[in-house]
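The values are calculated or read from the model by the stated rules, or taken from the named source; none is laboratory data. On a predicted model such as this, the values are computed, not experimentally measured, just so you know. Reconstructed Cβ throughout: ideal geometry from the backbone, glycine too, with neighbour counts over all protein chains shown.
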Amino acid sequence: DAMVIQNPRYQVTQFGKPVTLSCSQTLNHNVMYWYQQKSSQAPKLLFHYYDKDFNNEADTPDNFQSRRPNTSFCFLDIRSPGLGDAAMYLCATSREGGASNEQFFGPGTRLTVL
Amino acid sequence: AQSVSQHNHHVILSEAASLELGCNYSYGGTVNLFWYVQYPGQHLQLLLKYFSGDPLVKGIKGFEAEFIKSKFSFNLRKPSVQWSDTAEYFCAVSTDSWGKFQFGAGTQVVVTP
């Protein structure tokens, strides 16, 4: 089945130690999104790629970076995780941009910062 | 800035009861509206979506939602819930050319046998 895959499902890191979260998709979608979801809160968009074009949300901290080496893969790098970065990180894709396109979500990676 | 409000954070109801979850948004232009569901331990899945046309849209698993433009609302309904409907439900609004979503905070629904 075509899908959005996130690895690992659970990630533990230490305060200040860089961490990378991975997302891959078999849908061949052009757009990939990264969301941060804290407990009992709405998923919050961090950034997205339309093909290779990177689009950062204005309030996304500089601590968060992303890479998309090819259509299938997208990475979220947290350069110096703080305790406040502990959250569920969701990857999503859509076939094209545009307001009418539904997004397909991965299962998420739960990040714990010690 | 646009926002999406879901009125209830937690809903508990019995099997066969009717369910209605509220969603209101603040945006004056054209909107595209979505309801997603997240079953325990699973990823977000699309229940239904509204782009244009008939404001009453039907989705999977017996869910439907009604877009009321004058009320800026997109409420989700199911006439008779089952235990398997226990999940978290998210309303989302998309307005821009990038298709970015603004999510509501979610409603946790627990259906008791």
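Test B:G22 against the criterion of being surrounded by 13 or more Cβ atoms within 10 Å (Cβ to Cβ), within 16 Å of the chain's Cα centre (by Cα), touching a residue at least 40 places away in the same chain (Cβ under 8 Å) and closer than 29 Å to A:N56 by Cβ, and give yes or no.
Here the answer is no, as B:G22 does not meet what is asked.
Looking only at the range B:57-93, which residues are in contact with a Leu (Cβ under 8 Å, 6 or more places away or on another chain) and among the polar types (S, T, N, Q)?
B:N75, the sole residue that qualifies.
A:T93 fails exactly one of the following numbered conditions: (1) buried (at least 21 other Cβ atoms within 10 Å of the Cβ); (2) of a type in the set (S, T, Y); (3) more than 23 Å from B:F34 (Cα to Cα). What is the number of that condition?
(3)
Consider B:T86 against the criteria (1) under 28 Å from A:Y89 (Cβ atoms); (2) within 14 Å of chain A (Cβ to nearest Cβ); (3) of a type in the set (S, T, N, Q): it satisfies all of them except one. Which criterion is unmet?
(2)
Of B:Q38, B:Q42, B:Q2, which residue is farther than 17 Å from B:E88 by Cα and at pLDDT below 95?
Just a single option satisfies the conditions, and that option is B:Q2.
What residue, of A:A42, A:A58, A:A92, A:A87, is under 12 Å from the mean Cα position of the chain (by Cα), of a type in the set (G, A, S) and within 11 Å of chain B (Cβ to nearest Cβ)? If you could, list the steps in order and put the result at the bottom.
Details: A:A42 fails: under 12 Å from the mean Cα position of the chain (by Cα); A:A58 fails: under 12 Å from the mean Cα position of the chain (by Cα); A:A87 fails: within 11 Å of chain B (Cβ to nearest Cβ).
Going through A:A42, A:A58, A:A92, A:A87 in turn, the sole match is A:A92.
For the list (1) at the interface with chain B (Cβ under 10 Å from one of its Cβ atoms); (2) in contact (Cβ under 8 Å) with a residue 12 or more places away in the chain; (3) part of a strand (DSSP E or B); (4) more than 11 Å from the chain's Cα centre (by Cα), I need the number of the one condition that A:G97 fails.
Just one mismatch for A:G97, condition (3).
Please enumerate the residues belonging to the range A:68-99 that are basic (K, R) and at pLDDT 95 or above.
Answer for the range A:68-99, where residues must be basic (K, R) and at pLDDT 95 or above: A:R68, A:R79.
Restricting attention to strands (runs of 3 or more DSSP E) lying wholly within the range B:1-73, give those where 3 or more residues are within 14 Å of another protein chain (Cβ to nearest Cβ).
Correct list: B:3-6, B:23-26, B:32-38, B:45-50.
Among the residues in the range B:72-86, are any buried (at least 19 other Cβ atoms within 10 Å of the Cβ), of a type in the set (V, I, T), over 11 Å from the mean Cα position of the chain (by Cα) and within 28 Å of A:M32 (Cα to Cα)?
Checked against the condition, which is being buried (at least 19 other Cβ atoms within 10 Å of the Cβ), of a type in the set (V, I, T), over 11 Å from the mean Cα position of the chain (by Cα) and within 28 Å of A:M32 (Cα to Cα), the range B:72-86 yields no hits at all.
Could you tell me whether any residue of the range A:12-24 is under 27 Å from B:Q108 (Cα atoms) and surrounded by fewer than 19 Cβ atoms within 10 Å (Cβ to Cβ)?
yes
Six or more apart or on different chains, Cβ atoms under 6 Å: show the pairs whose first residue is in the range A:4-24 and at negative phi and whose second is basic (K, R) and not in a loop (DSSP other than H, G, I, E, B).
So the pair list comes out as A:Y10/A:R110.
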